[in-house]
Amino acid sequence: MSASAVFVLDLKGKVLICRNYKGDVDMAEIDHFLPLLMQQEEEGLLCPVLTHGNVHFLWIKHSNLYLVATTNKNSNASLVYSFLYKLVEVFTEYFKELEEESIQDNFVVVYELLDELMDFGFPQTTDSKILQEYITQEGNKLEVAKTKVPTTVTNAVSWRSEGIKYKKNEVFIDVIESINVLVNANGSVMSSDIVGSIKLKTMLSGMPELRLGLNDRVLFALTGRDKGKTVAMEDVKFHQCVRLSRFESDRTISFIPPDGESELMSYRINTHVKPLIWIESVIERFSHSRVEIMVKAKGQFKKQSVANNVEVRVPVPSDADSPKFKTSTGHAKYVPEKNLVVWTIKSFPGGKEFLMRAHFGLPSVENDEMEGKPPITVNFEIPYFTVSGIQVRYMKIIEKSGYQALPWVRYITQSGDYQLRTNS
């Protein structure tokens, strides 16, 4: 079972808009939501599900709004939360920003969307591209649009419209990997993993069937091929268009893609990652007078690759002043509101080493006892490169009209949560 009703409230608990789907929970029950929430906040026992009598409130907070679903049954909580987050996603795609003002300014459209997104407490059409075909933001268009419901709503392929035509048929595939690394003050990697996603931009006519081949270790083991580098993907999540039964039986990623941009899949690779940009730092504090910082950055990736827009963020004491910098490349600046030195290097080739020195004055009154030791963080992006070695081996595009289509593949590695702790 799913939700009985869905409410959008402001931070004072006032109902901005609501939709009663089943009529089995008194709509006045929502008045108990905010007092319950505040009571739990005061007790430090905040919980995602609140209960009053036999009514359960499942809620999320977004910007200056609460989105609340009510039910008096033993509902599938994960389904309800998925729906509430989907609601945020759809509203954001419609109104760019989801906040109190956008709900008030688009009241009619919001109500139409609540009507279409759920029926008798069960999620229905939740794809914003399809919803935008018949729920528009111009009031006068709304009446006309309602007379003809797109076939996608009743189709098995609810995420793609029929009759799409392009002069040039192309599909762009982006393989993006983010590296999460935590290095301790002694230079040992404490934790590391890779979070990847494969994003598509599809510009294909008709109803094409696509098949994507990766150097997937399980697939190679199944077929007896064990040549070259393979990757073992974990926590794989697919877009709804992927035929899961096909993937489970023979690891083929087969699908009819949504039109335009979409995330086909995401995955995680739990592996020891060598930090691509290694940081060594020496931070010397001279009491009541100054702080000297020396940071060395080294590119530990292939010489033919280049990291772009590298940012090394070095924490400094909150009472530091009078900054002076010297860099072997790029430029450094002091960001006092964040207590950071940000060293920016536009282009960082593999195998190279660069140096940054900073000098700060300290006040004569001691302050550093109360401060922690925040880590150095690094942001970067390396095109044409993946750490895991994942590869798109092929992309087959089959469409009944028999047109030829071009697949384009791009690989990008970027920093995720990339932290290096310091001694001082």
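The values are calculated or read from the model by the stated rules, or taken from the named source; none is laboratory data. Small disclaimer: the values here were computed from a predicted structure and weren't measured. Here the Cβ is made from the backbone with ideal geometry for all residues, glycine too, and neighbour counts use every protein chain on show. These area figures cover heavy atoms from the full protein model, side chains too; ligands, DNA and RNA do not enter into them. Shrake-Rupley method; radii C 1.70, N 1.55, O 1.52, S 1.80 Å.
List the number of the failed condition for Phe91; all other conditions in (1) within 26 Å of the chain's Cα centre (by Cα); (2) hydrophobic (A, V, I, L, M, F, W, C); (3) exposed (fewer than 13 other Cβ atoms within 10 Å of the Cβ) hold.
Against the list (1) within 26 Å of the chain's Cα centre (by Cα); (2) hydrophobic (A, V, I, L, M, F, W, C); (3) exposed (fewer than 13 other Cβ atoms within 10 Å of the Cβ), Phe91 comes up short only on (3).
Failed condition for Glu93, given (1) closer than 29 Å to Thr136 by Cβ; (2) out of contact with any strand residue (DSSP E or B) (no Cβ under 7 Å at 6 or more places or on another chain); (3) assigned to a loop (DSSP other than H, G, I, E, B), with all others met?
Every condition holds for Glu93 apart from (3).
Tell me, please, whether a residue that is modelled with pLDDT under 85 and closer than 22 Å to Ser2 by Cα can be found in segment 90-113. Break it down stepwise before answering.
Let us first name the residues in segment 90-113 that are modelled with pLDDT under 85, namely none.
The answer is no; no qualifying residue exists.
Given the condition in contact with a strand residue (DSSP E or B) (Cβ under 9 Å, 6 or more places away or on another chain), closer than 30 Å to Lys296 by Cα, at pLDDT 90 or above and among the hydrophobic types (A, V, I, L, M, F, W, C), answer yes or no: does some residue in segment 260-270 qualify?
Yes, segment 260-270 contains at least one residue that is in contact with a strand residue (DSSP E or B) (Cβ under 9 Å, 6 or more places away or on another chain), closer than 30 Å to Lys296 by Cα, at pLDDT 90 or above and among the hydrophobic types (A, V, I, L, M, F, W, C).
Could you run through segment 290-304 and say how many residues are charged (D, E, K, R), part of a strand (DSSP E or B) and modelled with pLDDT under 95?
Step one: filter segment 290-304 for residues charged (D, E, K, R), giving 290, 292, 296, 298, 302-303.
Right, trim to part of a strand (DSSP E or B) and you get 290, 292, 296, 298.
From what's left, modelled with pLDDT under 95: 290, 292.
Here the count works out to 2.
Find the residue count for segment 369-396, including only residues that are hydrophobic (A, V, I, L, M, F, W, C) and more than 28 Å from the chain's Cα centre (by Cα).
Going through segment 369-396 one residue at a time, the tally reaches 1.
Quick check: anything in segment 25-40 open to solvent by 20 Å² or more (accessible area, probe 1.4 Å), among the charged types (D, E, K, R) and under 30 Å from the mean Cα position of the chain (by Cα)?
Within segment 25-40, not a single residue is open to solvent by 20 Å² or more (accessible area, probe 1.4 Å), among the charged types (D, E, K, R) and under 30 Å from the mean Cα position of the chain (by Cα).
Only residues that are farther than 16 Å from Val68 by Cα and open to solvent by less than 90 Å² (accessible area, probe 1.4 Å): list them for segment 101-112, please. Steps first, please.
Residues of segment 101-112 that are farther than 16 Å from Val68 by Cα, as a first pass: 101-102, 104-109, 112.
Once the filter is applied, which keeps residues that are farther than 16 Å from Val68 by Cα and open to solvent by less than 90 Å² (accessible area, probe 1.4 Å), segment 101-112 yields Ser102, Asn106, Val109, Glu112.
For segment 314-326, state whether one or more residues are touching a residue at least 40 places away in the same chain (Cβ under 8 Å) and either open to solvent by 50 Å² or more (accessible area, probe 1.4 Å) or among the polar types (S, T, N, Q) (or both). First the steps, then the outcome.
Applying the first criterion (touching a residue at least 40 places away in the same chain (Cβ under 8 Å)) to segment 314-326 yields 314-321.
Now drop any that are not either open to solvent by 50 Å² or more (accessible area, probe 1.4 Å) or among the polar types (S, T, N, Q) (or both), which leaves 318, 321.
Yes, segment 314-326 contains at least one residue that is touching a residue at least 40 places away in the same chain (Cβ under 8 Å) and either open to solvent by 50 Å² or more (accessible area, probe 1.4 Å) or among the polar types (S, T, N, Q) (or both).
So in segment 169-188, with the set limited to residues that are over 20 Å from Ile269 (Cα atoms) and part of a strand (DSSP E or B), which one is least open to solvent (accessible area, probe 1.4 Å)?
Top of the filtered list is Val171.
The rows are residues; the columns are (1) in a strand (DSSP E or B); (2) under 23 Å from Ile390 (Cβ atoms); (3) among the hydrophobic types (A, V, I, L, M, F, W, C).
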residue	(1), (2), (3)
Met190	yes, no, yes
Gly206	no, no, no
Arg211	yes, yes, no
Glu248	no, yes, no
Tyr267	yes, yes, no
Thr271	no, yes, no
Glu280	yes, no, no
His288	no, no, no
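Any residue at all in segment 138-149 that is of a type in the set (A, V, I, L, M), assigned to a loop (DSSP other than H, G, I, E, B) and modelled with pLDDT under 85?
Here is the first cut: in segment 138-149, the ones of a type in the set (A, V, I, L, M) are 142, 144-145, 149.
Add one more test, that the residue is assigned to a loop (DSSP other than H, G, I, E, B), and what stays is 149.
With modelled with pLDDT under 85 added as a condition, the list becomes 149.
Yes, segment 138-149 contains at least one residue that is of a type in the set (A, V, I, L, M), assigned to a loop (DSSP other than H, G, I, E, B) and modelled with pLDDT under 85.
Does segment 122-130 contain any residue that is without any contact (Cβ under 8 Å) to a residue 40 or more places away in the chain and surrounded by fewer than 16 Cβ atoms within 10 Å (Cβ to Cβ)?
Within segment 122-130, the first condition is being without any contact (Cβ under 8 Å) to a residue 40 or more places away in the chain, and the residues that meet it are 124-125, 128, 130.
Next, only the ones that are surrounded by fewer than 16 Cβ atoms within 10 Å (Cβ to Cβ) stay: 124.
Scanning segment 122-130 turns up at least one residue that is without any contact (Cβ under 8 Å) to a residue 40 or more places away in the chain and surrounded by fewer than 16 Cβ atoms within 10 Å (Cβ to Cβ).
Looking at the structure I just gave you, is Phe301 of a type outside the set (A, V, I, L, M), closer than 27 Å to Ile198 by Cβ, open to solvent by less than 80 Å² (accessible area, probe 1.4 Å) and touching a strand residue (DSSP E or B) at 6+ places or on another chain (Cβ under 8 Å)?
Yes: the conditions hold for Phe301.
Looking at (1) under 26 Å from Ser102 (Cα atoms); (2) open to solvent by 50 Å² or more (accessible area, probe 1.4 Å); (3) within 29 Å of the chain's Cα centre (by Cα), find the lone condition where Lys14 falls short.
Lys14 satisfies every listed condition except (3).
Considering every residue within segment 372-380, establish whether at least one is closer than 30 Å to Phe172 by Cβ and open to solvent by less than 50 Å² (accessible area, probe 1.4 Å). Let's see the steps before the verdict.
Looking only at segment 372-380, we keep the residues that are closer than 30 Å to Phe172 by Cβ, and these are 378-380.
Narrowing the set further to residues that are open to solvent by less than 50 Å² (accessible area, probe 1.4 Å) leaves 378, 380.
Looking for residues that are closer than 30 Å to Phe172 by Cβ and open to solvent by less than 50 Å² (accessible area, probe 1.4 Å), one finds at least one in segment 372-380, hence yes.
In the set Leu98, Leu67, which member is touching a residue at least 24 places away in the same chain (Cβ under 8 Å), open to solvent by less than 10 Å² (accessible area, probe 1.4 Å) and in a loop (DSSP other than H, G, I, E, B)? Lay out the reasoning, then the answer.
Numbers: Leu67 fails: in a loop (DSSP other than H, G, I, E, B).
Leu98 is the lone residue from the list that is touching a residue at least 24 places away in the same chain (Cβ under 8 Å), open to solvent by less than 10 Å² (accessible area, probe 1.4 Å) and in a loop (DSSP other than H, G, I, E, B).
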